[in-house]
Amino acid sequence: MRTSMKSTLTKFVLGGVAASMLTLGVSADTLTRQNGAPVGDNQNSQTAGPWGPVLLQDSHLIEKLAAFDRERIPERVVHARGVGIHGYYENYVDLSDETVAAPFQGEGKKTEVFVRFSSVVHGHLSPETLRDPRGFAVKFYTEQGNWDLVGNNFPVFFIRDAIKFPDMVHAFKPSPVTNKQDAKRIFDFFSHVPESTHTLTMLFSDYGTPASYLNMDGSGVHAFKFVDDEGNYKYVKFTWKANQPIKNFSAEEAMKVQGMDFQPHTTDVYTRIGEKGETASWDLYLQELEPEQLDDFEFNPLDTTKIWPESLVPAKKIGRLVLNRVPDNFFEETEQAAFAPSNLIPGIEPSEDRMLQGRLFSYADTQRYRLGVNAYRIPINAPKNAVINNHEQHGQLRTTSSNRDVNYQPSRRLDLNEDPAFRYSSKPLAGMTQQIPFYKEQNFKQAGEFFRNLTKEGQAHLISNLGGALASVPEEEIRVIISAYMYNADKNYGKGVAKLAKAPMSKVRQTAKDLMKQQAARAAKAKQVAESLTALMQ
């Protein structure tokens, strides 16, 4: 009887408190647990009396805390901070005679896209004003599956071989001892990598601190292949040219803005597109080379440290990218978006670009680590206009249902087969396995051309930014080598950097001369090895 009275009293008191609290709010749906069960009290933990401890049996409390503890997934090692925007690609030129890739079939065809802009080196919550290349990744939801064009705002990269990528990123990242980014570490690494001259020059110019994701150009960076319906291919490069004015911060402007808003790029996107309903657009330009043209230039067209100058390889406008809607939920779309250069469709294949070849594995593997093997079934990554139909099964967080007994191929019990029409193209090869550099390095020329195309103010900012950063390096040898890179690109550029970095000009000139001799010697040796290996196979 006493127990019954206590129970009744408890229900009366607690029920009255809950009821009085509910009357303060508006009518709403019932809060539930993850299993769908309704929650009776989300304000107070279950305790052993008014003075007792919290009870482990309060499953709602335990579930809520456990979910909170697991809200973060591993952040990307590079491109950790980003902003996503939905939109579409509209094709202007029918390229069906050059490629079977769906987005380029017919004039006026539209393909839904999701774009993720990002910083590269710095962490998930780092200031967006920091000097850094910017990622420009586009996911095309085509009827042949999803195609990811994963590029940057720079048309070139620091290195030409993916074997150097982990080392380069380690040098850029904070020290494992102090957790501070350190110019000594960065320039120490690059003093061994003369091919970095072009991208370092772009990085320390005002292009390294863009004012807005919506006011910068983009590039696919790598060469790819267009493949037609007969298996013939040509090499292509993609460039996004903004229809909005290009806007960059100077170093001083970036510091000032960071003091007021350390996330100006995110603010800009969500203000202009999210709140004001504006759109942003880029024209897509295409450059093309026939396979027999690859050896026609002073540089290797498959070298990611080089552009294809439009004076040598004309670019034609083939379409337009329009961005018009921000995501409904940042985590579910932008953070879980999984981009990888290996997400290709029929009609587009990777070139033999050594940097691209490594990224084909690394980017997809990053997503498998971050999101699991079923990353491509998350809605933002799943094909919207094609059906996933294969025997890959199980794995963490598999949400699909299948009643197939046959989970192998080939089979006489299930008619699910490959289509020979979509086989990869063939490329004739000669030689032996090898580990030699490109014999056409040309590490400095294009950096000099970029420097001379800057305004006088832009040149002054570049010299100030790079020379000032280099001056903090205690080793004179490193200051001399980096200054010599820039001297080989353009003498005035190199002199300006050397002066600020306190690198003796006599040593800079001699080192620059030695670098050119070393480049010529490596080129001669690599060419000799390549030719001898080819001769062995003939």
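Only the coordinates and a few stated rules stand behind these numbers; no lab work does. Keep in mind that what you see is a predicted model, and the values were worked out from it rather than measured. Cβ placement follows ideal geometry from the backbone for every residue including glycine, while neighbour counts extend to all protein chains displayed.
Some points to look at:
- Taking a point 7 Å out from the Cα of Glu298 in the direction of its Cβ, the residues of the stretch 416-450 whose backbone N falls within less than 15 Å of it are 440-450.
- The stretch 39-64 and the stretch 136-204 have Cα centres spaced 49 Å apart.
- On full extension, the segment bounded by Arg423 and Glu352 gains 23.8 nm, given 0.36 nm per residue less the C-alpha separation.
- Extension gain for Ile436 to Ala382 (0.36 nm times residue separation, less C-alpha to C-alpha distance): 15.5 nm.
- Eligible aspartates and glutamates near Lys517 by straight Cα distance, threshold 16 Å, same-chain separation 8 or greater: Glu195, Glu441
- From the alpha carbon centroid of the stretch 265-341 to that of the stretch 496-532 is 33 Å.
- Relative contact order of the stretch 256-329, defined on C-alpha pairs under 8 angstrom at six or more residues apart (%): 43
- For the chain, complete DSSP H runs whose alpha carbons reach 24 Å or more along their own long axis and whose mean Kyte-Doolittle score is 0.0 or higher are 2-22.
- Per-residue extension of 0.36 nm, minus the Cα-Cα distance of Lys525 and Ser311, leaves a gain of 74.1 nm for this segment.
- Reachable lysines from Lys456, criterion Cα separation under 28 angstrom, eight or more residues apart if same chain: Lys241, Lys247, Lys256, Lys306, Lys445, Lys491, Lys495, Lys499, Lys502, Lys507, Lys513
- Inverting the pair-averaged 1/r between distinct Cα atoms of the chain gives 26.7 Å as its Kirkwood hydrodynamic radius.
- Mean residue ellipticity, 222 nm, helices only, the chain: the sum of -39500 (n - 2.57) across DSSP H runs of n ≥ 4, divided by residue count and rounded to 500, is -10000 deg cm²/dmol.
- Asn389 paired with Arg452, simple spin-label distance in nm, labels 7 Å along Cα-to-beta-carbon: 5.7
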